[in-house]
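Notes follow the structure.
The values are calculated or read from the model by the stated rules, or taken from the named source; none is laboratory data. Source: prediction; values computed, not measured. Note: ideal-geometry Cβ built from the backbone for every residue, glycine included; neighbour counts use all protein chains shown. Protein only, heavy atoms only, side chains kept; ligands, DNA and RNA dropped before computing areas. Shrake-Rupley method; radii C 1.70, N 1.55, O 1.52, S 1.80 Å.
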Amino acid sequence: MAYGREKGTRRRDRECPGRRRAVVALAGTAEAASSLGAAASAKGRYFGTAVANNHLGETDYAATLNAEFNSVTPENEMKWDAVEPNRGSFSYTNADKIVTHAKSHNMQVRGHTLVWHSQLPGWVGSLGADELRTAMNNHITSVMTHYKGQIAAWDVVNEAFQDGSSGARRSSPFQDKLGNGFIEEAFRTARAADPAAKLCYNDYNTDGVNAKSTAVYNMVKDFKTRGVPIDCVGFQGHFNPNSPVPSDFQANLQRFADLGVDVQLTELDIEGSGTAQANNYATVVRGCLAVTRCTGITVWGVTDKYSWRSSGTPLLFDGSYQKKPAYTSVLDVLNGGTTPPTTPPTTPPTTPPTTPPTTPPGGTKSCTATYTTAQSWNGGYNGTVTITAGGAAISGWKVPLTFTSGQTVSTVWNGTGSTSGNVVTVTNAAHNGSVGAGASTSFGFTVTSTDATPPAVGACTAS
């Protein structure tokens, strides 16, 4: 895949009259690139970021974006509820602004996303099978035609497989009413709409070899065998101490590449700080560079303060746009540095300890819950709730959230939600119930509604 021109600082060579200009390099040396995009471009890859239109007017945000990245992915502006809130009525204003900005700075654009179970306007789910098929194909065709020739790659279908060991497809209006064939149909429709754009399947928790990634692998293998148009597979790469970079990360990328598709890191963010975070980022970037068909990396945001996981400080620039150690390690790897990798645990922890931590004498298990809005758009928002243990370690937690009438929680991550009326009670997932004294974890959710009123957060209950 061909990507945008380098955006690093360019060296102006002196010219002597009557002589051709030449770039001279000392034998055995190479000039290191000074930006992520330029360093990746030198390796035949892109280094991009997710972009929110409402932050482009912030000077530091735009300056960091323009200086460091050569690819952008709209965070929410191309999702179904943003571009087609009412059937047949399309609105591209905010997405167009991102595309225009990218083009003016020689950046490529990844389109995200055409068919996804989340951030759907209510009218989509109310359609019968025949009408839903028509609406899906019309949505793909209309959006891709609007951006024809401007988008390098599209996430055609996003997150269609369940978590866990079943390898099954996720329940959604498309899966439930159209069956397994909706993914193939979406890709064939997308190819007809813009034959030049790369067509990708994108998902999370598929970064290592597991039941979910194997189910995706088998689908891609079947598609390639039967000539279904698919060009790339996106691996989101949302990591934290409880879900670290898997030891077979590179091998997993390679097995997909061996099917004849490109692989891309599409939403990379790694919670943590300091050396540990820097080493984890280096491991991921090094793994991509080792796979010839790993064509690029996108981090999911420019700065920690606007990240959907802001409490975990998962990005390369802090809230003041200062470069973090993770930035330095990524640039070093891209430039061919020799920072030694940190080997992640062979088996990520999947269950809390069987024996709850002992409560210190006189200690009482308790927790607090605090809410922040991570992202918002016309038609919904993402919220994050941070759970902090009190003076004693806890082995589980539960938090009730009360939403205003008309708001619908479409997705919960890093927790399990149960709904009763306007109240959604979220309990810990298997991997984040155990929290040390004074330590924190978090969960997130997506709300579908034009009402952006945040929920009332009830008392956190610890166990």
Item to check | Cβ-Cβ under 7 Å pairs, at least 6 apart or on other chains, segment 93-104 side at pLDDT 95 or above, far side among the charged types (D, E, K, R) | outcome: 94/77; 95/77; 98/77
Item to check | Subset of segment 148-189 [buried (at least 21 other Cβ atoms within 10 Å of the Cβ) and either acidic (Asp, Glu) or in a loop (DSSP other than H, G, I, E, B) (or both)] | outcome: 151, 152, 155, 159, 160
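Give segment 220-252 a look and list any residue that's over 30 Å from residue 434 (Cβ atoms) and buried (at least 22 other Cβ atoms within 10 Å of the Cβ), or say none. Lay out the reasoning, then the answer.
Narrowing segment 220-252 to residues over 30 Å from residue 434 (Cβ atoms): 220-234.
230, 232, 233, 234 - these are the residues of segment 220-252 that are over 30 Å from residue 434 (Cβ atoms) and buried (at least 22 other Cβ atoms within 10 Å of the Cβ).
Please go through segment 403-422 and pick out each residue that is touching a residue at least 24 places away in the same chain (Cβ under 8 Å) and either in contact with a His (Cβ under 9 Å, 6 or more places away or on another chain) or farther than 14 Å from residue 460 by Cβ (or both).
Here is the first cut: in segment 403-422, the ones touching a residue at least 24 places away in the same chain (Cβ under 8 Å) are 403-404, 406-415, 417.
Passing the criteria: 403, 404, 406, 407, 408, 409, 410, 411, 412, 413, 414, 417.
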Item to check | Total residues in segment 422-446, condition farther than 20 Å from residue 118 by Cα and open to solvent by 30 Å² or more (accessible area, probe 1.4 Å) | outcome: 10
Checklist entry - Do we have residue 216 as surrounded by fewer than 19 Cβ atoms within 10 Å (Cβ to Cβ) and either of a type in the set (Val, Ile, Thr) or part of a loop (DSSP other than H, G, I, E, B) (or both) here? => result no
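I need the full set of residues from segment 66-87 which are closer than 18 Å to residue 334 by Cα and either of a type in the set (A, V, I, L, M) or not in a helix (DSSP H, G or I) (or both), in order please. Working first, answer last.
Let us first name the residues in segment 66-87 that are closer than 18 Å to residue 334 by Cα, namely 67-71.
Those that are closer than 18 Å to residue 334 by Cα and either of a type in the set (A, V, I, L, M) or not in a helix (DSSP H, G or I) (or both): 67, 69, 70, 71.
For segment 253-277, what are the residues that are within 28 Å of residue 432 (Cα to Cα) and open to solvent by 10 Å² or more (accessible area, probe 1.4 Å)?
The initial filter retains those residues of segment 253-277 that are within 28 Å of residue 432 (Cα to Cα), namely 253, 264-277.
Correct list: 267, 271, 272, 273, 274, 275, 276.
Under the condition of being outside any loop (DSSP other than H, G, I, E, B) and among the basic types (Lys, Arg), which residue from segment 300-337 is most open to solvent (accessible area, probe 1.4 Å)? Quick ask: steps written out before the conclusion?
As a first pass, look at segment 300-337 and keep what is outside any loop (DSSP other than H, G, I, E, B): 304-306, 310-312, 317, 323, 325-334.
So of that shortlist, the ones also among the basic types (Lys, Arg) come out as 305, 323.
Numbers: 305: 91, 323: 115 Å².
Across segment 300-337, the extreme among qualifying residues is 323.
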Next on the checklist: Looking only at residues that are hydroxyl-bearing (Ser, Thr, Tyr) and without any contact (Cβ under 8 Å) to a residue 12 or more places away in the chain in segment 105-135, which one is surrounded by the most Cβ atoms within 10 Å (Cβ to Cβ)?
Outcome noted: 134
